[in-house]
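The values are calculated or read from the model by the stated rules, or taken from the named source; none is laboratory data. Given the structure is predicted, the values throughout are model-derived calculations rather than measurements. Every residue, glycine as well, gets a Cβ built from its backbone with ideal geometry; the counts of neighbours run over all protein chains shown.
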Amino acid sequence: MSDLVKILNVFCLLSLLAVGGGSAVLPQMEHETVTLHHWVTGDQFATIYSLGQMAPGPNMSMVALIGWQAAGAAGLLIALVAFYLPSSFLTYGCSYIWDHFKDNPWRASVQRGMAPITIGLMLAGVHAVGKTACINPSHSTHFNTITCITALAVTGILFAKRINPALLMLLGGVAGWFLLRAN
Amino acid sequence: MPPAASKQPGASEIFRVFAKIGITSFGGGLVAYLRDALVTDKKWMDEEEFLAALEIGQTLPGLNSVNVAIIAGRKLAGPRGAIAAAAGLILPGVLLLLVLGILYDRFRHNPNVAAALAGVAAAAVGLLLQVTLKIGAKQFLNLRDLCFVLGTYYLVAFHHVSLPVVLFLIAPVAIILCRPKSAKPNP
């Protein structure tokens, strides 16, 4: 019971703090769900995040799987509703009164000022999943080398070529299957 | 007279259109899918309305794609439309994730599956890094912005400074540094 209330609190807060898109809340989400509440391990968090990137639809629906790991079906439902409902309510309400703010010069300042902070948060998100998925001290050097090369290869390929990221993630899986099994 | 909007869709049609995106949008990039469906295909919004919705969606908290769905759904059919649009966009992916999650729970101790999942997770890190570098290209090249990028990264990643602290203490400083010029711009 109390776990469900905690799930509700954590994801409602993340919902309202998710400025600049979902990836900006990734470090805070990792901290809350792994370090503070132990709903998932760091490894599980990185895997669940990557499953969320493969599935269609909004890329943060993976909160459902964290809720599920924490408290079963009820946890799934609460995490999903808590993560999407508060921000959606806010957007619904604000879209009525938006025209009043549209030409306010501060709006551009907010957007301009927030941009680098969002990027910094996203980099911290890379760090949060990368520290278990790529550079993980509990794995062998061989493992960490392969995972780092995989990650950087994906980054490089996406810069060089327009290719569906879901496809690259499947290729990452194939690479892992062949190269990481021995461990 | 503005051209009459093509027949107002009901909640079930809105759900269908958004669910189609929710099913097919493997690999992300949902905003482009939404634009194609709402502006090009269904003509439920014109380009300008779509950009306005996107602007609201990007400024307010929440995922851009979900926020745009809420705004478009509301415009088309009020609260029922907003619910139909968001549910259509979100639910198919969640169902697939649930299947993936069940498979993951069942097979994660299989060394082959664990190895493949490690590869997928590494690739996801690469994807997020690429998205971050791409949308942050402008910020990385501006010295003041770069300070905020690296400062935020350092504080959050290494000192676990919490998101509320970042948003309520650091963000206001960044915003004030970008404050609107009080005087009218010179001609």
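Here is how the numbers come out for the structure above:
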{"item": "Flag for residue B:127 being under 16 Å from the mean Cα position of the chain (by Cα) and within 19 Å of residue A:43 (Cα to Cα)", "result": "yes"}
{"item": "Any hit, the range A:32-41, residues being more than 8 Å from chain B (Cβ to nearest Cβ), among the aromatic types (Phe, Trp, Tyr) and more than 21 Å from residue A:169 (Cα to Cα)", "result": "yes"}
{"item": "Residue count for the range B:74-99, restricted to those that are facing chain A (nearest Cβ under 9 Å) and small (Gly, Ala, Ser)", "result": "3"}
{"item": "Leading residue by the ranking (farthest from the chain's Cα centre (by Cα)) among those in the range B:167-182 that are within 7 Å of chain A (Cβ to nearest Cβ) and in a helix (DSSP H, G or I)", "result": "B:177"}
{"item": "Any chance residue A:64 is modelled with pLDDT of 95 or more and within 10 Å of chain B (Cβ to nearest Cβ)", "result": "yes"}
{"item": "Matching residues in the range A:144-171 - criterion: being within 14 Å of residue B:27 (Cα to Cα), surrounded by fewer than 16 Cβ atoms within 10 Å (Cβ to Cβ) and of a type outside the set (A, V, I, L, M)", "result": "A:162, A:164"}
{"item": "The one condition in (1) assigned to a helix (DSSP H, G or I); (2) within 10 Å of chain A (Cβ to nearest Cβ) that residue B:62 fails to fulfil", "result": "(1)"}
